[in-house]
Amino acid sequence: MPLSRLNQEQFNAATAPFGHNLIIASAGTGKTSTIVARISHLLQNGVKPEEILLLTFTNKAANEMIERVARFFDNETVKKIESGTFHAVSYKLLKKIGKNIVLKQPRELKILLKAIHAKRRFTHIDSGVKPYQAQYLYDLFSLYQNSEIKLSFSEWLKKNESEHGVYFDIYEDILEEFKEEKKAFSYVDFNDLLIFFREELKKGDTGLFFKEILIDEYQDTNTLQGSLIKAFSSKSVFCVGDYDQSIYAFNGANIQIIGTFKDRYADANIFTLNKNYRSSQMILSLANRVIEKNPRLYPKELKVTREGKFDAPILLTYNELFEQYQGIAAKIQASTTAPHDIAVIFRNNSSADGIEASLRELGIKCKRKGSSSFFDSLEVKAILDLVSLFINPKDMMAFIHVFEYAKGVGAAFSKELFDALLQIGGGDIKEAFLKPKDIENPFKKKVKNTQLGLFDDIHDVGSVSRFYHLDFEEAFLSNPILKNSRINEEAAKFIYHFYKFLKESRMIKLPLSLCEHAINSSVFEEIANLLAKKRGTLKDGSVDKKLVDEAKERIMRKALLLRDLSKNYRDIPSFLNALTLGSNEMSEGEGINLLSIHASKGLEFKEVYIVDLMDGRFPNRKLMNMSGGSLEEERRLFYVAATRAKDKLFLSLAKYDKIKKTDYVPSQFLSEAGFITEG
């Protein structure tokens, strides 16, 4: 059984009495084994599997732990354990108690907020301060939700010394309309999931009960997640984390949650795992010399268990920035380590661009995670939006996202089209296209409220006869949506393409068939052509046909990859939900791992390169001055990056950037690590 394989520290933690237990698990000390052993201990001592809740920060971590438990218990027992990320568990349990919700990615809801924001004008206020754009307002509000549970948004902005006081009323009104629109369509984003679930738990009549809650990566919990844990009202929690690896302050992570554990719970038990099974002595010593400069929240002293001879960490110094990237690529080319066991870890996305280009120049395959995602590409999002509209004709966000590609139709007008189609279709846009009601003017006037930035906007009714020369089906030409005078000829063609997509997809049942239909549809062809042309347009405005053709090829390659992913699912809703909840954990390709520090968390590699260790880049002085940033956070980022290495660690820097004509000085972390002498 798992307990027999533990060292004494792990055993003491895994068999702790019920109550409030905090396990300080430093890098490479076997936290996963300890959590697996704890679950096994609970099961062996009569706790029912359905009374155990495991909360993690990635579904991959949850799956790995449950799979390891399954080696010792039957499948019927193990599958009753509730496990997953905070968001995945909240989504599943909200569904279980009968709540109707439609989960949307932040990128989708930003489009909705943009449409609402676009209806406001700020020009009547002369303050000298530019108002927040919709996307930034969304991100700022998300940070507020993650880090504050008592103050209103305006009070929080004021507390953080915002200069936007003259716009507070407008921001609050925009966000209130945003909230009402989401409510009308049952939309929730990741924050909403936790907030809604927390409020349901507070009511106390959900029928949900967990005898113990286990929380992995406890140091990364934010105030919102902390309030959700509290709402469960479980008398026993088993929290595993390491304050030295708290690196998500930018996302609201609150290091005080782990730091004040012993103060918040009178019965708190603190266990420390000190034996490192991952890194060599010299790598661990280097990481410890740097992290020890941070305040110590809990005492710990790591001990290395690995024996044998290992290379000392090496500092690579280059004269010029791009020369650094080429030099690292050359070292990787000469390395005998398997590509999948090599990682290049970066603090800034621009670093990854240079490394990727240099590796590909040498014909070395690589995959990148932690900056841009396959699922964030516009072509993939467009296909998924078409799929979403097929199964949920009330999906306003997917509609707005698709129709932003229509010429002359932005986010605000897309929303107006959607609202009009709801009227024409009796609440169903599929019916609006296939069986439209004859409505004289389905477009509503906006309500005037100058104080909140709302002004009158009158819509003229135009004649549908202006489209008679186009090759449209007669049934489509009778649709009242075409009466809006703002719909130009190109927009009408786009709407027609969408009409054909819906009409020709009515009998499709399988995700694979629907993906293929969406990819082959004329509406996606239109979107793909627009994206390819944009990507093939040079700075002087001219279009490079070769670049356009290459862009089309890449677009289709991604489309076909998405189609292949759909083969693993038997029904369309489960396909969409899986991608929505877990897409950020998926990665493409093979070869050398290019990882942001945040994406490297929880992983390990035989050979690791940490690049751009120059003051200003790492530590990143700009991000240090932003919300949640600090030198302590940057130091924790360095610690996480360094402790990904098992056998070999290379630290690199450049003295000069010839493009920006900038001289660099070495990062202070290099002097703290003992590589260089300051001054």
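State whether the range 610-679 is rounded, prolate or oblate according to the following rule on the C-alpha gyration tensor (a ≥ b ≥ c being the square roots of its eigenvalues): a/c under 1.5 gives rounded; otherwise a/b larger than b/c gives prolate, and the remaining case gives oblate. Could the numbers behind the result be given before it?
Numbers: a/c = 1.62, a/b = 1.10, b/c = 1.47.
Oblate, because a/c is 1.5 or more while a/b does not exceed b/c.
Round to the nearest 10 and report in Å² the accessible area of Asp615, as given by a 1.4 Å probe over the protein chains' heavy atoms.
Using a 1.4 Å probe on the heavy atoms, I get roughly 50 Å².
Bin all alpha-carbon pair distances of the range 332-446 at 5 Å intervals from 0 and give each bin's fraction as a whole percent.
Distribution as computed: 2, 10, 14, 14, 11, 7, 7, 8, 7, 7, 6, 4, 2, 1, 0 percent.
log10 I(q)/I(0), Debye, Cα-only the range 594-635, no solvent, q = 0.21, 0.34 Å⁻¹?
Here log10 of I(q) over I(0) equals -0.78, -1.18.
Calculate I(q)/I(0) for the range 163-249 by the Debye formula, one identical point scatterer on each C-alpha and no solvent, and give its log10 at q = 0.14, 0.22 Å⁻¹ to two decimals.
The Debye formula, applied to the Cα set alone, gives -0.71, -1.09.
With +1 on the Cβ of every Lys and Arg and -1 on the Cβ of every Asp and Glu, and nothing else charged, how large is the dipole of the range 481-610 about its Cα centre, in debye rounded to the nearest 20? Show your work: numbers first, answer last.
Numbers: 22 positive and 18 negative charges, 103 e Å.
So the magnitude is around 500 debye.
Using a 1.4 Å probe, how large is the accessible area of His124, given in Å² and rounded to the nearest 10?
Surface open to solvent at His124 totals about 80 Å².
Just the number please: accessible area per residue for the range 92-189, 1.4 Å probe, all protein chains included, in Å².
On the way: 5120 Å² over 98 residues.
Roughly 52 Å² per residue, with all protein chains present.
Once you list every other residue whose beta carbon is under 15 Å from the beta carbon of Leu547, what net charge do they have if Lys and Arg are +1 and Asp and Glu are -1? Walk me through the numbers before you get to the answer.
Working: positive: Lys533, Lys534, Arg535, Lys539, Lys545, Lys546, Lys552, Arg554; negative: Asp540, Asp544, Asp549, Glu550, Glu553.
That sum, taken over residues with Cβ under 15 Å, equals +3.
Taking the Cα centre of the chain as the origin and placing charges on Cβ (Lys, Arg +1; Asp, Glu -1), which of Val102, Ala578, His517 is farthest toward the positive end of the dipole?
Of the candidates, Ala578 comes out farthest on the positive side.
Where both partners of a DSSP beta bridge lie in the chain, what percent of those bridges are antiparallel, to the nearest 5?
On the way: 8 of 55 bridges.
If I count the DSSP bridges inside the chain, around 15 percent turn out antiparallel.
Rank these residues by their accessible area, most exposed first, probe 1.4 Å: Asp438, Asp353. Mind dumping the intermediate values first?
Values: Asp438 135, Asp353 85 Å².
Largest accessible area first, the list is Asp438, Asp353.
Hey, of [x] 90, 61, 45; [y] 83, 64, 54; [z] 78, 55, 50, which did the structure itself give for Cα extents along the principal axes in Å when calculated?
[y]
Let me cross-check Glu64: its accessible surface, 1.4 Å probe, with only protein heavy atoms counted, in Å² to the nearest 10?
80 Å²
Compute the long axis of helix 631-642 from its Cα atoms, compare it with the longest principal axis of the Cα atoms of the chain, and write down the angle in degrees, 0 to 90, nearest 10.
Approximately 80 degrees, to the nearest 10.
If only Cα atoms are counted, what is the Rg of the range 56-212, and what is its Dmax, in Å?
Looking at the range 56-212, its Cα Rg and Dmax stand at 19.7, 68 Å.
Rounded to the nearest 500 deg cm²/dmol, what is the calculated helix-only ellipticity per residue at 222 nm for the chain, with -39500 (n - 2.57) per DSSP H run of length n ≥ 4?
Values: 30 runs with 310 residues, N = 679.
Theoretical 222 nm ellipticity from helices: -13500 deg cm²/dmol.
Can you give the charge dipole size of the chain about its Cα centre, rounded to the nearest 20 debye, using +1 on the beta carbon of Lys and Arg and -1 on the beta carbon of Asp and Glu? Display every interim value, and only then the final one.
Details: 97 positive and 90 negative charges, 157 e Å.
So the dipole magnitude of the chain works out to roughly 760 debye.
Residue farthest toward the positive end of the dipole of the chain, with Cβ of Lys/Arg at +1 and Asp/Glu at -1: which of Leu651, Tyr499, Tyr325?
Checking the options against the dipole of the chain, the answer is Leu651.
So, how do all the Cα-to-Cα distances of the range 516-675 break down into 10 Å bins, in percent, from 0 on up?
That works out to 8, 23, 23, 26, 18, 3, 0, in percent per bin.
Where the accessible area of the chain is counted over protein heavy atoms with a 1.4 Å probe, how much of it, in %, is carbon and sulfur? Before the final figure, lay out the partial values.
Values: 15310 of 31100 Å².
Reported share for carbon and sulfur atoms: 49 percent.
Leaving ligands, DNA and RNA out of it, rank Leu362, Leu417 by accessible area with a 1.4 Å probe, largest first. Intermediate results must be reported in sequence, preceding the final value.
Working: Leu362 70, Leu417 0 Å².
From most accessible down to least: Leu362, Leu417.
Could you point to the residue in Val89, Ser127, Ile170 farthest towards the positive end of the range 30-183's charge dipole, with +1 and -1 charges on the Cβ of Lys/Arg and Asp/Glu respectively?
Checked the options; the winner is Val89.
Can you tell me the dipole magnitude for the range 88-171 around its Cα centre, using point charges on the Cβ only (Lys, Arg +1; Asp, Glu -1), in Debye to the nearest 20? Mind dumping the intermediate values first?
Working: 15 positive and 8 negative charges, 132 e Å.
Dipole magnitude for the range 88-171 comes out near 640 debye.
The values are calculated or read from the model by the stated rules, or taken from the named source; none is laboratory data. Not measured: the values here are computed from a predicted model. Every residue, glycine as well, gets a Cβ built from its backbone with ideal geometry; the counts of neighbours run over all protein chains shown. The protein model used for the area step is the full one, side chains on, heavy atoms only, and it has no ligands, DNA or RNA in it. Shrake-Rupley method; radii C 1.70, N 1.55, O 1.52, S 1.80 Å.
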